[in-house]
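The values are calculated or read from the model by the stated rules, or taken from the named source; none is laboratory data. Just so it is clear, the model here is predicted, and its values are computed rather than measured. Neighbour counts are summed over all protein chains in view; Cβ atoms, including those assigned to glycine, are modelled from backbone coordinates with ideal geometry.
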Ligand SMILES: [Zn+2]
Ligand SMILES: [Zn+2]
Ligand SMILES: [Zn+2]
């Protein structure tokens with residue numbers, strides 16, 4: 001499926017109503033862009049000399065109700081004007097009639113090129129020129145206007161090929177799945193690249209299931225120098241000259257006994273200087289990863305907010321201003337102007353030591369499109385604080401992230417001194433490490449988020465000043481139990497990283513892949529990590545069986561490369577589509593004639609039936625998954641997914657159900673499983689009623705403060721109590737074998 005590119009509307013900018021088409025009697029040049037926000041920003045830059053109009057995204061597409069691709073005749077597509085764009089096209093027709101020239105200024109990538117081409121085709125424009133800019137700033141736009149060019153048909157064809165490939169898969173695999181599915185949901189669909197993403201998630205889940213955790217023990221000594229109280233931890237590493245391995249509690253106890261009364265002496269002290277270089281400025285994938293780790297935004301949400309910042313935000317008296325460069329890019333390149341801008345800013349606001357001698361140039365991954373630039377602020381002097389009053393909270397936080405990352409990428413290295421100490425007790429050796437930050441460099445502004453709990457060197461606390469042969473005093477000697485960990489489930493951040501590393505998808509597609517596989521019910525997020533649903537596993541197994549080497553990583557990556565080759569003008573798009581379609585069609589026929597069916601296994605969930613006490617199971621229905629009593633048809637009890645087991649405090653019949661709101665700001669809310677009941681709360685009900693006003697009580701858990709706040713859902717009522725959370729009993733285990 002192609003990315004649905006819609007015109008974005010920032011919440012703080014004016015909504016543009018469809019004003020009547022201006023009569024272009026003066027014969028002004030016309031510029032066409034995708035969105036009203038972009039229109040406002042451009043119009044502000046260009047003033048009255050140009051008419052700027054919005055196409056509202058795509059104006060034509062393949063038909064909804066049929067394939068729209070002529071397989072017999074070189075996959076020729078049939079495009080239709082989108083019904084919702086008829087009026088827009090009429091308006092554009094009028095405005096462009098008297099125009100001496102029409103500039104198509106859609107976004108600077110394949111899809112933007114395709115939108116420009118469709119506009120030109122739909123309006124039959126004879127005098128259209130393509131211009132592109134990576135940022136909607138006066139200098140970039142003026143420069144673009146001096147370099148108009150014809151539409152790049154290679155780029156358009158690369159986009160067409162992707163659209164057609166995805167259409168062929170979507171429209172031909174979906175009916176196959178409907179036919180082969182047994183019981184429950186019928187409206188299944190499959191996507192070319194999405195299927196590979198689901199496959200990665202399923203395969204990871206099976207690795208996790210197959211993983212057998214192994215127990216191991218650690219012994220940690222807390223020590224201090226004799227002459228000052230400066231406790232630090234050292235970990236047991238060796239006995240004699242061999243690495244020590246403690247498998248059981250008995251092993252650990254034997255060592256503890258052995259060490260009773262031992263003296264602890266510093267055997268060696270080693271100091272190393274380390275440098276840390278800043279991470280490169282953002283590209284699409286790294287922006288999505290960091291926004292997920294640090295801000296908790298989904299890839300889709302991140303792209304929506306970034307698009308608002310790119311298209312322009314109303315900065316009060318200044319009008320609409322674009323705050324960042326184009327957000328779909330795989331290039332870490334920075335223009336010379338951008339480098340100078342960063343260096344000037346650093347010179348003015350930081351000590352000279354923070355400015356490296358020369359600007360930093362980052363290397364872009366091979367195959368990336370280097371005409372693009374990294375994602376960066378258009379003007380670094382617009383500090384996050386200075387624009388904060390005009391931004392939504394989300395826009396502010398994302399802008400701050402981009403602004404800091406950009407500046408940090410041009411700052412000096414951090415310098416660390418890492419000290420490693422070996423401590424001897426009898427013939428056992430302990431090891432401790434500590435870090436002193438000699439110079440923080442870019443870390444003063446920014447440090448990159450991580451996907452694992454492991455500590456970076458710069459995060460280790462410093463050690464006391466120690467000498468060889470110095471005797472230490474033992475404060476405590478503690479054994480702790482651990483288990484080896486399976487590979488972690490993918491998060492949004494690590495899945496984007498994996499897709500990029502495997503060469504699947506492109507800056508314009510990561511976010512769509514991630515949201516589509518969730519919307520189709522093939523995977524779910526649990527504690528922000530992806531887990532396949534039983535449906536997702538069943539469909540995946542079926543597709544892997546019949547299309548083993550089409551919906552796999554190497555072939556999908558190969559197709560991405562082929563699309564790049566089309567864009568470079570070195571391959572013919574029809575040939576590329578055929579390379580996929582011929583084996584695909586053979587396999588499709590085999591599957592259609594095969595006897596295999598898709599059966600979603602019935603999975604028991606940790607819930608008892610509220611009516612008969614039998615276990616509940618998860619089933620797939622016409623409209624998605626739900627919970628049903630395992631004694632069906634004797635007991636016909638069903639519950640929605642998300643049923644909490646808490647009796648509804650209002651009707652006392654239904655059960656509280658946790659749901660997720662759809663749309664941009666997805667958040668949890670709570671309703672009742674009884675349709676007639678009108679329970680609706682944003683916080684989780686406890687099931688009890690307020691002793692003062694009889695409204696449902698709700699709770700909020702504050703993990704950091706280790707407490708649960710229970711308060712009344714009636715905003716007029718002040719009833720509130722706090723309680724301490726029970727201590728977590730989990731043994732802290734070290735992550736082993738993670739990325
Ligand atoms: Zn039952
Ligand atoms: Zn109820
Ligand atoms: Zn109350």
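Structural remarks
- The listed residues are 594, 569, 575, 613, and the only one of them that is more than 31 Å from the chain's Cα centre (by Cα) and within 16 Å of ligand 1 (Cβ to nearest atom) turns out to be 613.
- Among the numbered conditions (1) at pLDDT 95 or above; (2) surrounded by 21 or more Cβ atoms within 10 Å (Cβ to Cβ), the only one that residue 505 does not meet is (1).
- Among residues of the stretch 708-723 that are under 10 Å from residue 692 (Cβ atoms), those with a Cβ under 8 angstrom from a residue that is more than 16 Å from ligand 2 (Cβ to nearest atom) and assigned to a strand (DSSP E or B), sequence gap 6+ or separate chain, pair up as 712/720; 718/712; 719/711; 719/712.
- Selected residue (only one of 14, 5 is within 28 Å of residue 157 (Cβ to Cβ), modelled with pLDDT under 95 and part of a loop (DSSP other than H, G, I, E, B)): 5
- Per-region count, the stretch 498-533, residues more than 11 Å from residue 202 (Cβ to Cβ), touching a residue at least 60 places away in the same chain (Cβ under 8 Å) and out of contact with any helix residue (DSSP H, G or I) (no Cβ under 7 Å at 6 or more places or on another chain): 3
- Strands (runs of 3 or more DSSP E) lying entirely in the stretch 670-713 (those with 2 or more residues that are away from ligand 3 (no atom under 15 Å from the Cβ) and loosely packed, with under 14 Cβ neighbours inside 10 Å): 696-702
- Residue check for residue 136: surrounded by fewer than 22 Cβ atoms within 10 Å (Cβ to Cβ) and assigned to a loop (DSSP other than H, G, I, E, B): no
- Filter pass, residue 644 being under 30 Å from residue 304 (Cα atoms), away from ligand 1 (no atom under 16 Å from the Cβ) and either in contact (Cβ under 8 Å) with a residue 24 or more places away in the chain or crowded, with 17+ Cβ neighbours inside 10 Å (or both): no
- Lone unmet requirement of (1) touching a strand residue (DSSP E or B) at 6+ places or on another chain (Cβ under 7 Å); (2) closer than 30 Å to residue 338 by Cβ; (3) without any contact (Cβ under 8 Å) to a residue 40 or more places away in the chain for residue 447: (1)
- Every test in (1) in contact with a strand residue (DSSP E or B) (Cβ under 6 Å, 6 or more places away or on another chain); (2) surrounded by 14 or more Cβ atoms within 10 Å (Cβ to Cβ); (3) farther than 24 Å from residue 217 by Cα is passed by residue 468 save one, and that test is (2).
- Residue match in the stretch 255-265 (condition: surrounded by 12 or more Cβ atoms within 10 Å (Cβ to Cβ) and either touching a helix residue (DSSP H, G or I) at 6+ places or on another chain (Cβ under 9 Å) or outside the structural domain of residue 422 (by TED's automatic domain parsing) (or both)): no
- Applying the criterion of being crowded, with 24+ Cβ neighbours inside 10 Å and out of contact with any strand residue (DSSP E or B) (no Cβ under 7 Å at 6 or more places or on another chain) to the residues of the stretch 308-325, the residue that is nearest to residue 38 (Cα to Cα) is 311.
- Failed item in (1) in a helix (DSSP H, G or I); (2) modelled with pLDDT under 90, with residue 185 passing the rest: (1)
- Search result, residues across the stretch 334-344 that are farther than 20 Å from residue 387 by Cβ and buried (at least 22 other Cβ atoms within 10 Å of the Cβ): 334
- Residue, nearest to the chain's Cα centre (by Cα), within the stretch 105-133, restricted to residues that are over 14 Å from residue 33 (Cα atoms) and assigned to a helix (DSSP H, G or I): 110
- Against the conditions (1) loosely packed, with under 14 Cβ neighbours inside 10 Å; (2) over 29 Å from residue 113 (Cβ atoms); (3) at pLDDT 95 or above, residue 604 satisfies every one except (3).
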